[in-house]
Amino acid sequence: MKIISSPLELKEYLKTLCGDPEKKVGFVPTMGALHEGHISLIKKARGENEVLVVSIFLNPTQFLAGEDLDKYPRRDEADKKICELGGVDVLFFPHAKDMYGEDEVSLLAPKVRGYVLEGTSRPGHFNGVLTVIMKLLHLVNPHKAYFGKKDAQQLNLIQLMVKQMFMDVIVVPVDTVREKDGLALSSRNAYLSSQERQEALKISASLYLAGKMVSKNVLTTKEIVHAMRETLAPLEISYVAIVNRDFEYIEKVEIGNSIILVEAKVGTTRLLDNIWL
Ligand code: AMP
């Protein structure tokens, strides 16, 4: 596995490695502190491409002032090992100063879809996400890029960006990986005390309850959200929302076109989860 930190060196190296334009390049962008969720993206990408590039970049522009940028978990050596074992060909591990200049051209998230749900709790967050993903996609120029459904709104906005900017990359959504007890894997789970981890299970429990209600033909979103909020109590809820795949609020769950999302705070940690129905 080749580890590269310079963006231009990455471009050059990929040119020589990929030589033949028919060679399929897969790309998995991450912020590090890799876990089984990231590994499932890496495995899927490994299986579908001849060249596999993973990036680890704790992107400062997607963190708002006062958020956890400085304490975000870092496990650089373990991450490198995981990538090596996962058959990664190139690990791109840039420094922020190499990714951003002083007076930056920036990309703005759409005014509606970028400012609902997580965009309400973190206004401007998706500007940073889209800007860095655009930069990374230009650098790697992959055929396919892999993103977790766990970050459903991020995935949706990236799909929208790729479509509206007429980009050729195929965005591949990957299912959420969970612990046996239901907790969705997240690098931020490292912040939870054992008691908080227990409380965090209310999040997946609320989603399972929603799934069960839908399977019993309770489709009214108001009713489902109400029951979910009862399950989530006393957690501080940022939102419980039921949207269609275009991220518009809906009144009735439509099977095959709905996502139920939760963001709640456990202690000081904000956790996201969702199910796709
Ligand atoms: P992050 O390092 O948190 O930016 O995540 C990198 C990628 O891994 C994103 O596309 C996430 O959606 C995805 N991801 C994070 N957690 C999970 C999970 N539990 N299951 C599947 N994908 C995940």
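Of the residues LEU41, LEU58, the single one that is under 20 Å from ILE158 (Cα atoms), in the same structural domain as SER6 (by TED's automatic domain parsing), within 13 Å of the ligand (Cβ to nearest atom) and surrounded by fewer than 20 Cβ atoms within 10 Å (Cβ to Cβ) is LEU58.
The listed residues are LEU85, LEU10, and the only one of them that is in the same structural domain as ASP151 (by TED's automatic domain parsing), out of contact with any Ser or Thr (no Cβ under 8 Å at 6 or more places or on another chain) and more than 29 Å from LEU271 (Cβ to Cβ) turns out to be LEU10.
Considering only residues that are touching a Lys or Arg at 6+ places or on another chain (Cβ under 8 Å) and buried (at least 17 other Cβ atoms within 10 Å of the Cβ), look in the stretch 98-140 and name the one that is farthest from GLU67 (Cα to Cα). Reasoning before the result, please.
Taking the stretch 98-140 first, the residues touching a Lys or Arg at 6+ places or on another chain (Cβ under 8 Å) are 99, 119, 121, 139.
Going one step further and asking which of them are buried (at least 17 other Cβ atoms within 10 Å of the Cβ), we end up with 99, 119, 139.
Details: MET99: 20, GLY119: 14, LEU139: 28 Å.
Per the stated criteria, the residue is LEU139.
Kindly evaluate GLN198 against the criterion of being outside the structural domain of VAL53 (by TED's automatic domain parsing), more than 12 Å from the ligand (Cβ to nearest atom) and modelled with pLDDT of 95 or more. When the stated conditions are applied, GLN198 passes them. Check GLU77, GLU67 and return the single one that is surrounded by fewer than 21 Cβ atoms within 10 Å (Cβ to Cβ) and touching a His at 6+ places or on another chain (Cβ under 9 Å). Step by step, each of GLU77, GLU67 is checked, and only GLU67 is surrounded by fewer than 21 Cβ atoms within 10 Å (Cβ to Cβ) and touching a His at 6+ places or on another chain (Cβ under 9 Å). Among the residues making up the stretch 207-228, those that are out of contact with any helix residue (DSSP H, G or I) (no Cβ under 8 Å at 6 or more places or on another chain), assigned to a helix (DSSP H, G or I) and surrounded by fewer than 16 Cβ atoms within 10 Å (Cβ to Cβ) are TYR208, GLY211, LYS212, SER215, LYS222, HIS226. When every residue of the stretch 112-128 is checked against the conditions, none turns out to be among the β-branched types (Val, Ile, Thr), closer than 24 Å to THR16 by Cβ and in contact with a helix residue (DSSP H, G or I) (Cβ under 9 Å, 6 or more places away or on another chain). Would you confirm whether or not the stretch 123-145 contains a residue that is among the charged types (D, E, K, R), more than 17 Å from VAL25 (Cβ to Cβ) and away from the ligand (no atom under 12 Å from the Cβ)? No: zero hits. Just the residues that are more than 10 Å from LEU271 (Cβ to Cβ) and among the small types (Gly, Ala, Ser), please, taken from the stretch 193-203. Selection gives SER193, SER194.
So for the stretch 44-52 (the condition being basic (Lys, Arg), under 27 Å from THR16 (Cβ atoms), at pLDDT 95 or above and within 11 Å of the ligand (Cβ to nearest atom)), does at least one residue qualify? Within the stretch 44-52, one or more residues are basic (Lys, Arg), under 27 Å from THR16 (Cβ atoms), at pLDDT 95 or above and within 11 Å of the ligand (Cβ to nearest atom). Being of a type in the set (A, V, I, L, M, F, W, C) and within 19 Å of LYS44 (Cα to Cα) is not true of VAL162. Has the stretch 5-20 got any residue that is away from the ligand (no atom under 11 Å from the Cβ), exposed (fewer than 14 other Cβ atoms within 10 Å of the Cβ) and among the aliphatic types (A, V, I, L, M)? For the stretch 5-20, residues away from the ligand (no atom under 11 Å from the Cβ), exposed (fewer than 14 other Cβ atoms within 10 Å of the Cβ) and among the aliphatic types (A, V, I, L, M): present. Against the test of being assigned to a helix (DSSP H, G or I), more than 30 Å from ASN49 (Cβ to Cβ), touching a residue at least 60 places away in the same chain (Cβ under 8 Å) and not hydrophobic (A, V, I, L, M, F, W, C), the options SER238, SER204 yield a single qualifying residue, SER204.
The values are calculated or read from the model by the stated rules, or taken from the named source; none is laboratory data. All values derive from a computational prediction rather than experimental measurement. Virtual Cβ from ideal backbone geometry, glycine too; neighbours counted across all protein chains shown.
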